[in-house]
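> Dumping the structure here so I can ask a few things about it.
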Amino acid sequence: MAMPRVLRSTFLRGVRLALAIVVYPVPNLLVLDEVTTHLDKDTIVALIQALRKYTGAVLLVSHDRHFVHCMIEGDSDGESDEDDDTGQRRKGTIYTAGPKGHVKPLSGGMDDYAVVIEKQMRKLGLA
């Protein structure tokens with residue numbers, strides 16, 4: 001008896017995915033651009049937990065301040081922040097891109113970013 005077309009298609013997709021997981025090497029860099037846009041809260045928490053276990057580099061572009069705090073600055077979201085051998089959560093760096101494309105690190109993290117945006121809004125008369 002032949003497998004129905006829809007079932008066969010779903011089965012073959014699952015086989016392809018399993019094969020890709022087995023043979024495809026883990027990338028050294030993930031580029032995530034507004035990855036939380038269409039995700040609900042539970043899925044975002046699951047994504048944070050999964051990305052915290054990722055050992056490569058992450059380039060994250062997001063306006064989701066909570067997600068950035070959890071991922072880059074190490075704020076807790078349902079999981080222990082102790083990730084490295086010293087028991088300390090490894091923290092990333094927040095960068096901002098200026099109007100001429102110049103990129104600079106923000107030593108104060110998302111708090112500095114909020115200050116930069118508020119300053120720009122005041123200049124434009126929006127605050």
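Please treat every number below as a calculation from the coordinates, not as lab data. Keep in mind it's a predicted model, so treat the numbers as computed, not measured.
> Using 0.36 nm per residue, how much length does the chain from Leu126 to Lys91 gain when fully extended, once their Cα-Cα distance is taken away?
Here the segment from Leu126 to Lys91 would lengthen by 9.4 nm.
> Same structure again: Taking H placed 1.01 Å from N in the peptide plane, check which residues at least 5 places from Ile94 or on another chain put their amide H under 5 Å from its amide H.
Residues meeting the criterion, in which the H sits 1.01 Å from N, are Leu106, Gly109.
> On a full-extension model of 0.36 nm per residue, what is the gain between Met110 and His66, subtracting their alpha-carbon distance, rounded to one decimal in nm?
14.9 nm
> Continuing with this model, one more query. Can you list residues from other chains, or at least 5 along the same chain, whose modelled amide H is less than 5 Å from the amide H of Leu30?
Those lying under 5 Å, H to H, from Leu30 are Ala57, Val58, Leu59.
> Moving on. Once you've got the Cα coordinates, tell me which of Lys41/Lys104; Lys53/Lys100; Lys41/Lys100; Lys41/Lys119; Lys41/Lys123 are over 32 Å apart.
Long pairs (Cα-Cα over 32 Å): Lys53/Lys100; Lys41/Lys100; Lys41/Lys123.
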